[in-house]
Every structure is written in C-alpha cells, then in structure tokens.
Amino acid sequence: MSTTAALFDDHFIPVQGGSAIPIEDIAPWAVFGTLIALIFLYFVSTEQGAIALFDGMYVHEYVHDGRHLLGFPCH
Amino acid sequence: MTKSLLWRGMLAGILAALVATMFARAIAEPQIDLAIDYESAHVVHHMDMPSDGEQAELVSRATQKGAGLLTALALYGAAVGGIFALIFAYGYGRFGRFGPRSFALLLSGIAIFLVVIVPGIKYPQTPPAVGKHETVGLRTAAYFAMIALSVGGAVIAAKIRSVLALSRPGIDATLIAVGAYGAMVVLGQYLLPSVDEVPADFPATLLWNFRLASIATQLLLWATIGIVFGLAAERVMARP
C-alpha cells in the first residue's frame, strides 16, 4: 500500500458530494460521444476499404498512412 | 460534468494525435516509404488493382505523410479520447477510489492492452504491400471482431470479478477474472480466421521495424491521452 501511495499519490476527489457521476448525467453524452466516435473511426478505418460510401479512393489514400499505423487492414 | 469530461477527452485525443504524428513522421514514415518502394518494385505482382505506387497522383506521398497522417490520427485520437472520457466518467468512483490522474493512467494502460496489444497478437499491423486487395473485407471484419472480443471479454471478466469478490479474497477474484479473460481471448483467436499474406520475399527486418513503429505510435497516443486527460479531469473534479 505504501508503494502504491508513493507511485500514485493523487487523492480521490468526491464528485460534488457524491462518490460517482450519476448515470442520468452520463447517458445522453454517452450516446452523443459514441456516435461521433463511430463516425470518426469509420472514416479512418473502413471507408473506401472494406466498405465505400463515396466513389473513388481519395479518402482511402488521404488517411492511408494513419490507417496502416493504427493497425487497420488496408487494400 | 460528463459534458466537460467528454470535450476534454476529445481535445486530449487531438493533442495526443499531434504528439503521435510527430513521432510517426520521424520513426514510422521511413518504414512505410521502404514498404512502398518494395511494392513498386513488385508491381507486376498485382497489375490489375490499384496499389499505392500507382495511386501516387491521387494523393501525393508528401500529403499522405503530412496532412493525411495528422488528419487520420486526429480523428482517431478525438474518437478514442471521447470514448475514454465516457468510460472514465462511468468508472470514476465506481471502480475503486483512485485519484483522477491515477485512474486516467490506469485506464489508458488497460486500453493499450485491450485495443492494441491483444488484437495485434492475432492480426499484427501490416505495412503497405502486405495484404491482398480481395480479402480486405474479411480482414476488416475479423480485426473488428478481435477488438470487440478483447473489450467484451474484459467487461465480462470485470463482472466475474465483482461477483466472485463477494465470497472470496479480492486477489483470488482478480486472478480468476484475468484467467477467464485469457481463456476467452485464446479461444476467440483460435476460432477467428488466420491471415497470412506477407509476400515470401518481404524483408523481415522491415516488417519488424514497421510493427514496432506502429505499436510505439499507438503507445504514445494512449499514454498522452492518459496523462493529459488526467490533468484536465483533476481540474474538473476539483470544481465546487
């Protein structure tokens, strides 16, 4: 425990008097955030690879190096 | 409060992408260039399909290495940073009583393991010139299935741990849960299709260097998210 305290010594800060953020506060932002994230991830990982919404290869070629480096299958 | 955390997570992801882009530009891009050189030299191998060499006019290599790389990593960083913030919002105070900075670091370490290391064991990162055009659909589906299995397995393992912890020592519950995760991953990796599309004469050192650079880029991205988001979250949590 003393080792833990020495390595990670920042303390738990209570959430506005409670111990955690209420689910009702998280839920709407979870839907919004997940939706945005899926759209972003789709264009980085899959568009004009396995699936294509737009014709051509421009998106694929533009994000090409990032797609390879992030481990997504490419061409 | 979740709103504040979500924006900060996405911004931390974009900042992390900037750091990762600079690293990738210096360390990973030379490997990609070598792989593309190899591909151009072996272009007879697949004449009928567009390869990176033949597509050079559409987006120049300079753009791919610069704005393209930054855009790709920034979109990825914003996406995973946002999801990271949501998981932090849910887990903070629910999974142990860590300080915000410690908890963010812990989460980023878990994320690297679940999203980068474990899926990469079954489907390692591949440079240009590796991978057949015809199988990209299968490979994409299999790769996403592997990530889903890894993350889903971790969620199930966490449930197992919390149930077991009611009746036995926490350390035993943790060990059994980790074992269950390992068993799920091994079974899934056994069942998912194998992909072996590295050309026979592709340089082994280049493949190794590319994978190392790819993993290091992602480690840097996640580590920066963990550190930067932790600092931001601490300020949000301290607000009255």
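The values are calculated or read from the model by the stated rules, or taken from the named source; none is laboratory data. Keep in mind it's a predicted model, so treat the numbers as computed, not measured. Cβ sites come from the backbone with ideal geometry, for glycine too, and all protein chains shown count toward neighbours.
Among the residues of the stretch B:122-156, those that are exposed (fewer than 15 other Cβ atoms within 10 Å of the Cβ) and modelled with pLDDT under 95 comprise B:Lys132, B:His133, B:Glu134, B:Gly137, B:Leu138. Each residue in the stretch A:15-70 was checked for being within 30 Å of B:Ala24 (Cα to Cα), among the acidic types (Asp, Glu) and touching a helix residue (DSSP H, G or I) at 6+ places or on another chain (Cβ under 8 Å), and 3 pass. Here the condition is being closer than 18 Å to B:Ala233 by Cα and touching a strand residue (DSSP E or B) at 6+ places or on another chain (Cβ under 9 Å); of A:Ile21, A:Ile13, it holds for A:Ile21 alone.
Working only within the stretch B:87-104, note down all residues that are crowded, with 22+ Cβ neighbours inside 10 Å and part of a helix (DSSP H, G or I).
Across the stretch B:87-104, the qualifying residues are B:Phe88, B:Ala89, B:Pro100, B:Phe103, B:Ala104.
Note on the stretch B:125-155: among residues that are facing chain A (nearest Cβ under 8 Å) and assigned to a loop (DSSP other than H, G, I, E, B), the one that is nearest to B:Ile83 (Cα to Cα) is B:Gln125.
Matching residues to (1) exposed (fewer than 13 other Cβ atoms within 10 Å of the Cβ); (2) of a type outside the set (Lys, Arg); (3) closer than 26 Å to B:Asp37 by Cβ:
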{"site": "B:Gly182", "(1), (2), (3)": "no, yes, no"}
{"site": "B:Gln189", "(1), (2), (3)": "no, yes, no"}
{"site": "B:Asp196", "(1), (2), (3)": "yes, yes, yes"}
{"site": "B:Asp201", "(1), (2), (3)": "yes, yes, yes"}
{"site": "B:Asn209", "(1), (2), (3)": "no, yes, yes"}
{"site": "B:Ser214", "(1), (2), (3)": "no, yes, yes"}
{"site": "B:Ala223", "(1), (2), (3)": "no, yes, no"}
{"site": "B:Gly226", "(1), (2), (3)": "no, yes, no"}
{"site": "B:Val236", "(1), (2), (3)": "no, yes, no"}
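Scanning the stretch B:122-155 for residues that are of a type outside the set (A, V, I, L, M), in contact (Cβ under 8 Å) with a residue 60 or more places away in the chain and under 17 Å from A:His75 (Cβ atoms) yields B:Tyr123, B:Pro124, B:Gln125, B:Thr126, B:Pro127, B:Pro128, B:Gly131, B:Lys132, B:His133, B:Thr135.
Here is a check on your reading of the model: is B:Ser108 polar (S, T, N, Q) and facing chain A (nearest Cβ under 9 Å)? When the stated conditions are applied, B:Ser108 does not pass them. Where helices (runs of 4 or more DSSP H) sit wholly within chain A, those with at least 2 residues that are within 30 Å of B:Tyr90 (Cα to Cα) and either at the interface with chain B (Cβ under 8 Å from one of its Cβ atoms) or not charged (D, E, K, R) (or both) occupy A:2-7, A:23-45, A:64-69. When the stretch B:157-180 is filtered for residues that are surrounded by 14 or more Cβ atoms within 10 Å (Cβ to Cβ) and either in contact with a Phe, Trp or Tyr (Cβ under 6 Å, 6 or more places away or on another chain) or of a type in the set (D, E, K, R) (or both), the ones remaining, listed by number, are B:Ala157, B:Arg161. Within the span defined as the stretch A:7-28, every residue fails to be under 30 Å from B:Leu69 (Cβ atoms) and modelled with pLDDT of 95 or more. Among the criteria (1) farther than 21 Å from B:Gly82 by Cα; (2) surrounded by 11 or more Cβ atoms within 10 Å (Cβ to Cβ), the one A:Phe32 does not fulfil is (1).
Between A:Ala20, A:Ala6, A:Ala52, the distinction of being surrounded by fewer than 21 Cβ atoms within 10 Å (Cβ to Cβ) and under 24 Å from B:Ile112 (Cβ atoms) belongs to A:Ala6 only.
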